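The values are calculated or read from the model by the stated rules, or taken from the named source; none is laboratory data. Every value quoted in this text rests on a predicted model; they were computed, and no experiment measured them. Here the Cβ is made from the backbone with ideal geometry for all residues, glycine too, and neighbour counts use every protein chain on show. Surface areas here come from the heavy atoms of the whole protein model, side chains and all, with no ligands, DNA or RNA. Shrake-Rupley method; radii C 1.70, N 1.55, O 1.52, S 1.80 Å.
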Amino acid sequence: MKKLLCAAVAALAVGVFATGEAQAKKVTIALIPGLTTDAFYITMHKGAQAAADALGDTLVFQGAPDFNPVTQVPVLDAVIARHPDAILIAPTDKVQLVQPLKKAIEAGIKVITVDTFIGNGHYQTGSGDADFPLSYVASDNVLGGQIAARALAKSIGDKGKVYVSNVKPGVSTTDQREEGFKDEMKHHPGITVLETQFNDDDANKAASQLQSVLARNPDLAGVFGANLFSALGSANGVKQSGASGKVKVAAFDAPKAIVEPLKSGLVDIAIAQHPAEIGYFGFVAAHAILNGQSIPTSIGTGFTVMTRDNIDDPAVNAYLYSD
Ligand code: T6T
């Protein structure tokens, strides 16, 4: 499956660049991130810009200051009013962005979702009311949650209490990471998964939640921070509680600020996504469809697993996010 997908993506890129870019229609594509100040989306922006530069197209980057449909929808409306040829968007809610995105389709703008999806993420199926985006370009987030669970299980000796620090329900990526994590933990009967703590993408809240969970469960063995802010916040909570090394941390995402906690042993594993690839291939896919080519309805990008032992390897730390 993975090989097929990679072949499809490679064919897409080869097709786009081989048709002779001199003849290609120059297009304007907007990228709307989950929020503008997150290193994950900053890196995605760079990847999309690299594709725009290579293709001679125009990229517009416009987003909200926080990860919230209430602030993202007005940004989407403003972008639709500018009428780009296509929109790449990381929808901040599986349901709440469906109707607002329909307006883009009605205006004749192609829609591709990057990182997160709407509906169930299966597009162009002819079923449901949220299958209209043309493609979904992202990490395999269920797999990411499973990887985190396996690593955390190993580091706590396959027994004890853990919990997931997560953003909020309704976000496709982080919902799937939690699902993958919990599914994998079913294979580890010595581990108890406590109730998930939702932090609203606020690292300070994640830190104080860690301290409260630890106060209620002094035998807490580990935490999975399901995105950048959940992970950094939980790690800080562990540090502030003086529990570094005692409460193990598995982190999703790889801002530069994760290096020091990895090296000190505060964080055991960080799962880096490849947001530059998501931006790059999202942009190339939009360019391709606007130039009459077909594209896959789903394009998967990979992970790099970072630990204290490999973080100094340039082939690994090249995947730290930009800020
Ligand atoms: O984990 C990423 C992204 O994949 C997720 O959808 C939202 O949070 C991040 O942007 C990290 O903060």
Condition met for Gln176 (within 13 Å of the ligand (Cβ to nearest atom), polar (S, T, N, Q) and open to solvent by 40 Å² or more (accessible area, probe 1.4 Å)): yes
Based on what the data block shows, is Gly237 of a type outside the set (Ser, Thr, Tyr), buried (at least 24 other Cβ atoms within 10 Å of the Cβ) and more than 15 Å from the ligand (Cβ to nearest atom)? yes
Out of (1) open to solvent by less than 30 Å² (accessible area, probe 1.4 Å); (2) part of a loop (DSSP other than H, G, I, E, B); (3) more than 14 Å from the ligand (Cβ to nearest atom), the odd one out for Asp129 is which? (1)
Of everything in segment 274-323 that's open to solvent by 20 Å² or more (accessible area, probe 1.4 Å) and aromatic (Phe, Trp, Tyr), which residue is farthest from Ala51 (Cα to Cα)? Phe303
Here the qualifying pairs (Cβ atoms under 9 Å; residues six or more apart or on different chains; first in segment 224-236 and free of Cβ contacts under 8 Å to residues at least 40 places away in the same chain; second near the ligand (Cβ under 9 Å from one of its atoms)) come out as Leu232/Asp253; Leu232/Pro255
Within segment 112-126, tally of residues that are crowded, with 23+ Cβ neighbours inside 10 Å and touching a strand residue (DSSP E or B) at 6+ places or on another chain (Cβ under 6 Å): 5
So which helices (runs of 4 or more DSSP H) are wholly in segment 1-86 and hold at least 1 residues that are at pLDDT 95 or above and within 16 Å of the ligand (Cβ to nearest atom)? 39-55, 69-82
